[in-house]
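The values are calculated or read from the model by the stated rules, or taken from the named source; none is laboratory data. Please read all numbers here as calculations on a predicted model, not as lab measurements. Ideal geometry is used to build each Cβ from the backbone, glycine not excepted, and the neighbour counts take in all protein chains shown.
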Amino acid sequence: METPNTVHNRVALVALKYGIAAVAVTLALLITQSLQPTVFPTPLFFAAIVVSTWFGGIGPGIFAVIFATLLLDYYFVSATRTFSVHPAALLYLAQFSLPALLSAWFVKKRKDAEQALKEARDQLDVKVQQRTAELREANQQLQSEITERQRAEEAFHKTQANLAHLTRVMTMSELATSIAHEVNQPLAAIVTTGDACARWLALDPPNVGRARESVARIIAEGSRASEVVKRIRGLSKKTTFQKSALQMNELIHEVIALLDAELVKNKVRVRTELDPDLPLVFGDRVQLQQVILNLMVNGIEAMNEVAIRPRELSIRSQKVDPGRVQVSVQDCGCGLESDQVEHVFEAFFTTKPGGIGMGLSISRTIVESHGGRLWATTSPDYGATFQFALPIAEEGNS
């Protein structure tokens with residue numbers, strides 16, 4: 001319910017608007033009289049009507065039209081300073097009042113349009129401020145989520161590195177007997193050659209030439225044993241992720257040398273087709289060795305039950321477009337079922353009794369972290385082929 005003060009203020013405002021209209025029309029009359037116009041004196045009255053309508057609204061505007069029409073009739077139409085009602089006077093007044101009313105209506109519409117535009121602009125400003133605040137809050141939330149995701153990714157990479165290291169150690173543990181045999185061979189050769197050297201030197205006179213040959217063989221066998229130990233330590237050592245330009249064929253030969261005793265024990269022959277002009281790749285030596293090692297060990301184990309055909313493991317390297325090096329490892333084992341081709345890369349999925357199902361999963365993650373792809377295909381006859389492709393090293397990386 002409105003209070004008396006509110007009603008009083010509203011009445012005062014209305015009175016002010018009509019007062020402005022009366023003053024504007026009166027000023028138009030006084031100025032027009034002072035100018036002594038020779039034609040119909042309406043321009044200043046039109047201006048007064050526009051001002052009245054703009055500041056007061058349609059009510060004061062209509063009041064200004066009526067007031068101006070009466071003043072024009074009294075002071076300018078009638079020669080006797082009276083209100084005229086003859087047809088000629090009414091026609092003149094109609095020529096003024098009708099356009100004046102139309103002007104008042106246009107001014108009112110213009111004022112309403114500007115007021116609506118101002119309100120719309122104010123509402124838009126409010127909405128923009130609200131939307132800006134929402135976007136700022138969303139951005140802060142997004143930054144927080146990005147930070148949490150980075151922490152999660154760091155934890156994931158750390159866990160992944162630990163799993164990769166564990167897989168390497170488990171693989172080396174499974175190959176412990178073969179590794180011991182491989183290391184024992186050069187050691188036994190060193191002992192035997194040392195005995196022979198001692199005998200050559202014990203002769204009278206000593207056979208220095210043969211003893212020198214024996215010493216050379218001892219040095220060679222010692223270097224061989226050192227290389228074996230070095231490769232084993234490299235694969236079993238927990239190192240940080242360090243990328244460099246690598247020759248893929250060298251990695252393949254190093255892993256083949258490491259698995260030499262295992263290949264002999266399982267009667268597996270390795271057939272290699274390595275492109276001699278293979279470009280370099282950019283990656284971590286130990287991790288890429290682990291990928292090749294996992295694929296070769298899987299191929300060897302896949303042929304454990306093969307007895308009716310030669311056990312052959314084919315390794316091929318080549319450059320493929322666009323700018324990638326591709327390595328394939330193919331066995332002649334029992335192969336994969338069609339529904340196993342993709343599942344073999346899932347964590348904890350395994351086709352081997354006693355397997356943990358992490359080797360291929362970690363291998364795919366390693367290859368993808370190098371910007372490559374690892375996939376498997378199965379032959380309609382027998383065997384399976386695992387292939388991975390890596391981008392070649394750019395000039396700035398090599």
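Filtering region 279-329 to residues that are farther than 12 Å from M248 by Cβ and part of a loop (DSSP other than H, G, I, E, B) leaves M303, N304, E305, V306, A307, I308, R309, P310, R311, D321, P322, G323. Right, R316: in contact with a strand residue (DSSP E or B) (Cβ under 8 Å, 6 or more places away or on another chain), surrounded by fewer than 20 Cβ atoms within 10 Å (Cβ to Cβ), modelled with pLDDT of 85 or more and under 18 Å from A384 (Cβ atoms) or not? So R316 passes the test.
Let's see how each residue does on (1) assigned by TED's automatic domain parsing to the domain that holds T53; (2) of a type in the set (F, W, Y):
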residue: K111; (1), (2): yes, no
residue: A120; (1), (2): yes, no
residue: E137; (1), (2): no, no
residue: S144; (1), (2): no, no
residue: Q150; (1), (2): no, no
residue: F156; (1), (2): no, yes
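For region 71-97, which positions are aliphatic (A, V, I, L, M) and either modelled with pLDDT of 85 or more or in contact with an Asp or Glu (Cβ under 7 Å, 6 or more places away or on another chain) (or both)? A89, L93 - these are the residues of region 71-97 that are aliphatic (A, V, I, L, M) and either modelled with pLDDT of 85 or more or in contact with an Asp or Glu (Cβ under 7 Å, 6 or more places away or on another chain) (or both). Any residue at all in region 112-120 that is surrounded by 13 or more Cβ atoms within 10 Å (Cβ to Cβ), under 29 Å from F45 (Cβ atoms) and either modelled with pLDDT of 80 or more or more than 30 Å from the chain's Cα centre (by Cα) (or both)? Within region 112-120 (the criterion being surrounded by 13 or more Cβ atoms within 10 Å (Cβ to Cβ), under 29 Å from F45 (Cβ atoms) and either modelled with pLDDT of 80 or more or more than 30 Å from the chain's Cα centre (by Cα) (or both)), the answer is no, since none of the residues qualifies. Pull out all pairs, ordered by first then second residue, where Cβ-Cβ is under 6 Å, the residues are six or more apart or on different chains, the first lies in region 30-42 and is at negative phi and assigned to a loop (DSSP other than H, G, I, E, B), and the second is modelled with pLDDT of 70 or more and surrounded by 10 or more Cβ atoms within 10 Å (Cβ to Cβ). That search, which allows pairs on different chains as well, returns P41/T32; P41/F76; T42/F96. Helices (runs of 4 or more DSSP H) fully within region 203-278 that include at least 3 residues being at pLDDT 75 or above and in the same structural domain as P310 (by TED's automatic domain parsing): 248-258, 260-265.
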